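**Q** Input: one structure, supplied below.
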Amino acid sequence: MGVPIVLVHGLRVSGSMWRPQVDLLVEQGRRVVAPDLPGHGARRGEEFSLGRAVDTVLEAIDSVGGRALVVGLSLGGFVSIATAAAAPAKVAGLVAASCTAKPAQSLAQVYRIPAVLMDRLPDKGATLNERFHRLTLRDTAADAVLDGGLAVEAATAVIDAVAEMDPLPALASYPGPVWLINGARDHFRIHERQFFEACVEGRLLNVPRAGHMVSLDQPVDFTRIVSDAADVVWVRELGVRGQGSMESDGT
């Protein structure tokens, strides 16, 4: 059976971006859910806040039994870190991908200005975003991203909310195992050493031939990392249960 897995998507996209991972993980017999965050996918039009995003992840964890490996990319990585800090007992392990940059600096520099400029376009930049994904992702990966829609209208509010987060103390407060994953070509690697050092029990992995959308650039390699993390966490879960059983038996 193994530990359940909750996948948390990035900015503007939706849970559909995880289709390659969901297909591969389900083939392995794993329980996987990929919810849409507020303002994204099936929840477009809803107001985004970091608190509501964390609540969404916690609801997804509860739907698969109340404890899970949480995997997030970019925005989803920041949300997953916040979730682990808010409810460590529900997060059996954390995979945070493409998010090892302090949001107050990186989001302001990389995302806020383009988001404001695209907000002025008649379609809020939807056409530009779709063309970008078509150009930078293989066909099946682009389809996985675009099938859930692009919530371009949510970008500014999301950036403003996440930019106020300080992920380093949040990581430091989480006692469980953490995998920090980056594409080797990702611009969000700039503070990866600080993120790694903040973890109580951290691992830092860089995936060759991958950029910011590492799960889609190298879906098989990324899924293998998630599977390995899930196996590590599951062995630990079994060990804790076994220890609890022996204690209850008085041995």
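**Q** Mind checking which residues of the range 100-114 are modelled with pLDDT under 95, more than 14 Å from Thr156 (Cα to Cα) and not small (Gly, Ala, Ser)?
**A** Lys102, Gln105
**Q** Here's something else I'd like to know. Under 7 Å by Cβ, and 6 or more places apart or on different chains, what pairs join a residue from the range 186-200 that is buried (at least 21 other Cβ atoms within 10 Å of the Cβ) with one that is of a type in the set (Ser, Thr, Tyr)?
**A** So the pair list comes out as Asp186/Ser98; Phe188/Ser98; Phe188/Thr100; Phe188/Ser106; Phe195/Thr100.
**Q** Being among the hydrophobic types (A, V, I, L, M, F, W, C), touching a Lys or Arg at 6+ places or on another chain (Cβ under 7 Å) and modelled with pLDDT of 95 or more: is that true of Ala86 here?
**A** Considered against the rule, which asks whether it is among the hydrophobic types (A, V, I, L, M, F, W, C), touching a Lys or Arg at 6+ places or on another chain (Cβ under 7 Å) and modelled with pLDDT of 95 or more, Ala86 comes out as no.
**Q** Sticking with this structure for a sec: Output the residues belonging to the range 1-45 that are assigned to a strand (DSSP E or B) and surrounded by fewer than 24 Cβ atoms within 10 Å (Cβ to Cβ).
**A** The answer is Val32, Val33.
**Q** Also, quick follow-up: Go through the range 46-67 and report how many residues are touching a Lys or Arg at 6+ places or on another chain (Cβ under 7 Å) and not in a helix (DSSP H, G or I).
**A** Count: 3.
**Q** Please work out which residue is surrounded by the most Cβ atoms within 10 Å (Cβ to Cβ), limiting yourself to the range 126-144 and to residues that are assigned to a helix (DSSP H, G or I) and modelled with pLDDT of 75 or more.
**A** Ala144
**Q** Under 6 Å by Cβ, and 6 or more places apart or on different chains, what pairs join a residue from the range 201-215 that is closer than 16 Å to Asp228 by Cα with one that is small (Gly, Ala, Ser) and surrounded by fewer than 16 Cβ atoms within 10 Å (Cβ to Cβ)?
**A** Here the result reads Asn206/Ala184, each pair linking the range 201-215 to a residue that is small (Gly, Ala, Ser) and surrounded by fewer than 16 Cβ atoms within 10 Å (Cβ to Cβ).
**Q** Scan the range 208-230 for residues that are among the β-branched types (Val, Ile, Thr) and over 16 Å from the mean Cα position of the chain (by Cα) and jot them down.
**A** Scanning the range 208-230 gives a single hit, Val220.
**Q** Condition first: basic (Lys, Arg), part of a helix (DSSP H, G or I) and in contact (Cβ under 8 Å) with a residue 12 or more places away in the chain. Can you find one or more residues in the range 83-103 that meet it?
**A** Checked the range 83-103: no residue is basic (Lys, Arg), part of a helix (DSSP H, G or I) and in contact (Cβ under 8 Å) with a residue 12 or more places away in the chain.
**Q** Starting from the range 144-172, take each residue that is at positive phi and list its partners that are modelled with pLDDT of 90 or more, counting only C-beta distances under 7 angstrom and pairs at least six apart or across chains.
**A** Gly149/Ser14; Gly149/Gly41; Gly149/Arg44
**Q** What do you reckon, is Val54 β-branched (Val, Ile, Thr) and closer than 23 Å to Ile225 by Cα?
**A** When the stated conditions are applied, Val54 does not pass them.
**Q** Which residues, counting only those in the range 33-50, are touching a residue at least 40 places away in the same chain (Cβ under 8 Å) and basic (Lys, Arg)?
**A** Arg44, the sole residue that qualifies.
**Q** Tell me, please, whether a residue that is β-branched (Val, Ile, Thr) and either touching a His at 6+ places or on another chain (Cβ under 8 Å) or under 25 Å from Thr156 (Cβ atoms) (or both) can be found in the range 70-78.
**A** The answer is no; no qualifying residue exists.
**Q** Modelled with pLDDT of 85 or more, surrounded by fewer than 16 Cβ atoms within 10 Å (Cβ to Cβ), over 11 Å from Arg12 (Cβ atoms) and not β-branched (Val, Ile, Thr): is that true of Pro122 in this structure?
**A** On the way: modelled with pLDDT of 85 or more: no; surrounded by fewer than 16 Cβ atoms within 10 Å (Cβ to Cβ): yes; over 11 Å from Arg12 (Cβ atoms): yes; not β-branched (Val, Ile, Thr): yes.
Answer is no for this residue.
The values are calculated or read from the model by the stated rules, or taken from the named source; none is laboratory data. The model shown is predicted, which means the values in this text are computed figures rather than measured ones. Please note: Cβ atoms are built from the backbone with ideal geometry, for glycine as well, and neighbour counts cover all protein chains shown.
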